[in-house]
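Have a look at the structure below, then the notes.
The values are calculated or read from the model by the stated rules, or taken from the named source; none is laboratory data. The structure displayed is predicted, hence computed values, not measured ones. Cβ: placed from backbone, ideal geometry, glycine included. Neighbour counts: every protein chain shown.
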């Protein structure tokens, strides 16, 4: 019994001292952006302006850290109001029916000193799929951590624009959307 109590106390001490920082994105200094090739001639860029990203950052075991992101799909901005209005219709995001894009990590293995992978579920347009989101720590200072992530997402399995046909150009929109996320965090307010 004494050995069990000693072991339990040691385990409790380790868990108690594991530093888990609850962080949220500072939206004024962050961007959730994307770009998509158009007919092989050009690229359209855009961003989402309404989103929340939270992290439980485990300093001792990075793989047990978690990240959760919620993006309001109707906040999409590409610089052309008519195009933005089209993107929220049933041809693309269908935001009245599917207002949010969600990402929730299952694990976050560390690749090297500053590079990580977030394995998790992406839900978009009402469809959930498993994704791998690489990200890199740009700078750390206390609870402020700067990140960047560059990846691609195939929009077709999520049904985003899968039925859209241009009037004169086949393959007008590329399948692969390049995602560019830059953000920094701060400690959550209680």
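Taking segment 64-86, which residues are surrounded by fewer than 14 Cβ atoms within 10 Å (Cβ to Cβ) and within 18 Å of the chain's Cα centre (by Cα)?
Within segment 64-86, 64 is the sole residue that qualifies.
When you go through (1) assigned to a strand (DSSP E or B); (2) within 18 Å of residue 38 (Cβ to Cβ) one by one for residue 137, which number turns out not to apply?
The number of the failed condition is (2).
Could you please find all residues in segment 158-190 being surrounded by 15 or more Cβ atoms within 10 Å (Cβ to Cβ) and in a loop (DSSP other than H, G, I, E, B)?
159, 160, 161, 172, 174, 175, listed by residue number.
Among the residues of segment 95-113, how many are assigned to a strand (DSSP E or B), more than 22 Å from residue 33 (Cα to Cα) and out of contact with any helix residue (DSSP H, G or I) (no Cβ under 8 Å at 6 or more places or on another chain)?
Result for segment 95-113: 1.
Mind telling me which of the residues 95, 89 ends up being buried (at least 17 other Cβ atoms within 10 Å of the Cβ), farther than 21 Å from residue 130 by Cα and out of contact with any strand residue (DSSP E or B) (no Cβ under 7 Å at 6 or more places or on another chain)?
On the way: 89 fails: buried (at least 17 other Cβ atoms within 10 Å of the Cβ).
Answer to the selection: 95.
On the given criteria, is residue 117 surrounded by 14 or more Cβ atoms within 10 Å (Cβ to Cβ), within 12 Å of the chain's Cα centre (by Cα) and more than 19 Å from residue 35 (Cβ to Cβ)?
In short, yes.
Only one of these conditions is not met by residue 71: (1) farther than 14 Å from residue 25 by Cβ; (2) in contact with a strand residue (DSSP E or B) (Cβ under 7 Å, 6 or more places away or on another chain); (3) modelled with pLDDT of 95 or more. Which number is it?
Of (1) farther than 14 Å from residue 25 by Cβ; (2) in contact with a strand residue (DSSP E or B) (Cβ under 7 Å, 6 or more places away or on another chain); (3) modelled with pLDDT of 95 or more, only one is false for residue 71: (1).
Which numbered condition trips up residue 132, out of (1) surrounded by fewer than 15 Cβ atoms within 10 Å (Cβ to Cβ); (2) more than 23 Å from residue 42 (Cα to Cα); (3) out of contact with any strand residue (DSSP E or B) (no Cβ under 7 Å at 6 or more places or on another chain)?
(3)
Out of segment 120-129, which residues are exposed (fewer than 13 other Cβ atoms within 10 Å of the Cβ) and in a loop (DSSP other than H, G, I, E, B)?
126
Quick check: is even one residue across segment 164-183 at pLDDT 95 or above and at positive phi?
Among the residues of segment 164-183, not one is at pLDDT 95 or above and at positive phi, which makes the answer no.
To keep it simple, each residue is scored yes or no on (1) in contact with a strand residue (DSSP E or B) (Cβ under 8 Å, 6 or more places away or on another chain); (2) touching a residue at least 24 places away in the same chain (Cβ under 8 Å).
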{"position": "80", "(1), (2)": "no, no"}
{"position": "99", "(1), (2)": "yes, yes"}
{"position": "111", "(1), (2)": "yes, no"}
{"position": "117", "(1), (2)": "yes, no"}
